[in-house]
Amino acid sequence: MGKTITIDPVTRISGFLEIKAEVEGNTIAKANASGLLFRGFEKMLIGRSPLDAVYFTERICGICSTAHSMASTLALEDALKVTVSLNDNYIRDILHGFEFIQNHLRHFYLLSMPSYVKISNIKLIEEQQYTDYRLPDKINKKIEEDYVKSIELSRLAHEGLALLGGKAPHNHGIFVGGVTANIDAYKLEKVKSIIRKIESFVKNIMKEDVEIISKYYSDYFKKGQSYPYFMTYGVFDKYEDPEITYVKSGVMKDNVKYPLEPDKITEQIHYSWYKKDEGLEEVDLSKLDAYTFIKAPRYLGLPMEVGPLARLIVSGQYTNGHSCMDRNIARVLETEKIIGIMNKLIERVELRPNNQKTYNIPEKAYGAGLTDTTRGALGHWIEIDKNVINHYNIITPTVWNLSPKDESNLPGTIEGALIGTKLNNIREPIEIGRIVRSFDPCVSCATHLIGSAGDAEIVEVLV
């Protein structure tokens with residue numbers, strides 16, 4: 001008789017997530033990843049002024065709000081045919097870079113690391129159910145101290161974002177036409193100082209910590225491998241100068257790189273709690289076989305992995321593999337890469353007043369804003385009719401990574417990474433939490449109770 005493991009919620013991620021895994025002979029044979037809250041931001045925007053989209057969509061997430069301000073602004077600029085100056089693009093990318101830094105520091109140390117490093121002096125709500133801590137006491141204590149240091153550095157990154165964007169999270173600095181902030185010499189020097197402090201930590205401490213963890217948990221280079229399909233919309237990619245360019249848009253399939261064709265992106269709702277409709281989907285909680293509010297995006301019919309590892313693979317900067325541990329390493333390497341680009345961007349910034357102005361909204365228009373952000377490929381699509389928003393669509397990075405099965409029953413990326421994983425102890429399935437967290441999922445949702453699964457034995461765990 002098979003066993004069903006239900007982890008509800010998966011802890012130490014942004015939001016709540018349920019994983020249900022069917023296990024045969026200690027190996028995961030089937031996995032369902034469920035996001036369980038309908039949010040409705042796309043419906044909320046219908047009938048509003050297109051310019052409202054920037055500040056509304058930022059509220060989708062408090063961790064990656066700058067990403068949504070970037071994508072929504074790009075979509076509006078596409079629709080309104082607005083061109084942004086090179087200097088404003090520099091400032092936008094520095095703003096966005098600070099969000100990458102704060103997120104990657106926070107994820108690596110606060111969310112991912114406690115699965116590998118025993119953090120002492122924390123009052124637990126529930127007794128920990130796993131014991132797979134492998135670091136010697138002296139090394140464990142060293143990384144535990146770095147964990148505490150990272151909190152201040154992540155906060156510093158948000159301070160840098162606020163200096164250029166007015167506040168953080170939910171900045172007011174990125175808007176149609178460029179940036180809203182007037183950057184003076186004081187702000188620029190303060191930003192430089194913040195980057196220097198974070199850069200020192202990343203180069204001298206964070207990189208060493210991930211090397212240590214990968215050494216003691218080397219078996220995780222063989223766990224959590226999903227499909228060999230990777231995609232990026234590009235980020236820090238508006239320039240010809242390689243010093244300030246990270247990755248252009250592209251797709252990697254079976255080790256072959258292809259140009260991105262946005263019109264090949266589709267969304268399916270076969271296993272999602274939505275009714276099929278020509279317009280906006282309506283919720284249908286009674287839908288047979290559905291198990292999530294997350295839709296299933298596909299590129300040429302295939303699930304795509306997005307995020308730091310995908311960017312490094314598509315750009316040719318990482319060739320080691322695409323396992324659980326590779327994702328953790330990629331996130332650290334990317335942090336260093338982006339800091340280097342930010343340093344070069346700052347050298348190019350000219351101190352000048354912002355060039356904001358009033359924009360006339362067209363009767364009809366369509367725009368798309370595609371950019372990569374901390375967790376991967378983010379897309380906003382806007383349709384304007386009668387001068388207001390008629391349709392708005394958002395596909396976030398986690399929708400790509402955390403998608404359910406599609407109409408052909410092909411599992412999503414995280415589901416695929418879990419299938420085939422051998423568990424050392426099904427009552428202590430730490431492997432599931434480590435693999436899921438390696439994608440840095442962001443699910444702004446609540447959790448619900450689940451019923452039984454037929455005759456299978458139910459194993460409830462905290463991970």
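Observations on the model:
- Residue 286/residue 258 FRET efficiency (R0 41 Å; Cβ-Cβ; nearest 0.05): 0.55
- Magnitude of the charge dipole, the range 265-336, Cβ model with Lys/Arg +1 and Asp/Glu -1, debye to 20: 180
- Linear extension gain, residue 46 paired with residue 243, 0.36 nm per residue minus alpha-carbon span: 66.8 nm
- Taking amide H atoms as placed 1.01 Å from N in the peptide plane, the amide H of residue 274 lies under 5 Å from those of 284, each 5 or more residues away in sequence or on another chain.
- Mean separation of Cα contacts under 8 Å (6+ apart) over length of the range 1-42, as relative contact order %: 32
- The HN-Hα couplings worked out from phi for the range 357-374 by the Karplus form 6.51 cos²θ - 1.76 cosθ + 1.60 (θ = phi - 60°) are 8, 8, 10, 8, 7, x, 4, 9, 6, 9, x, 10, x, 10, 8, 8, 9, 3 Hz, whole numbers, x standing for Gly and Pro.
- Amide H to amide H, with H built 1.01 Å from N, residue 247 comes under 5 Å of 235, counting only residues 5 or more places away or on other chains.
- Label zone (residue 110, point 7 Å along Cα-to-C-beta; backbone nitrogen cut-off 12 Å) within the range 59-87: 62-64.
- Cα lying deepest toward the dipole's positive end in the chain, options 234, 403, 338, charges on Cβ: 338
- Full-stretch length increase - residue 275, residue 387 - with 0.36 nm per residue and alpha-carbon distance subtracted: 37.5 nm
- 11 Å beta-carbon shell around residue 188, net charge (K/R +1, D/E -1): -1
- In Hz, Karplus ³J(HN,Hα) per residue of the range 2-16 (6.51, -1.76, 1.60; θ = phi - 60°; x = Gly, Pro): x, 10, 10, 9, 10, 10, 8, x, 6, 8, 6, 10, 7, x, 10
- From the alpha carbon centroid of the range 134-160 to that of the range 336-392 is 33 Å.
- Net charge of the neighbourhood of residue 88, taken over other residues with C-beta under 14 Å away and scored Lys/Arg +1, Asp/Glu -1, is +2.
- Summed side-chain charge close to residue 16 - residues other than residue 16 whose Cβ falls under 13 Å, Lys, Arg +1, Asp, Glu -1: 0
- The dipole here belongs to the chain: it is taken about the Cα centre, uses +1 on the Cβ of Lys and Arg and -1 on the Cβ of Asp and Glu, and is about 920 debye.
- Average Cα contact separation per residue, the range 3-461, under 8 Å, 6 or more apart, as relative contact order %: 28
- Over 18 Å (Cα to Cα) - which of 138/222; 20/118; 190/344 fall in this group: 138/222; 20/118
- For the range 193-200, backbone phi angles converted through the Karplus equation (6.51, -1.76, 1.60; θ = phi - 60°) give residue-by-residue couplings of 5, 5, 5, 4, 5, 5, 4, 4 Hz, Gly and Pro being listed as x.
- Charge dipole (the chain, unit charges on Cβ, about Cα centre) - positive-most of 117, 74, 361: 117
- In this structure, residue 302 and residue 30 have a Cβ-Cβ separation that, at R0 = 25 Å, corresponds to a calculated FRET efficiency of about 0.80.
- The range 270-379: C-alpha gyration tensor shape, a/c 1.5 cut-off, then a/b vs b/c: oblate
- Coil-residue GluC sites (Glu not before Pro) of the range 219-324, DSSP, other Cβ within 10 Å capped at 15: 240, 278
Read-outs throughout are calculated quantities, based only on the coordinates presented, and are distinct from any laboratory measurement. Just so it is clear, the model here is predicted, and its values are computed rather than measured. Cβ sites come from the backbone with ideal geometry, for glycine too, and all protein chains shown count toward neighbours.
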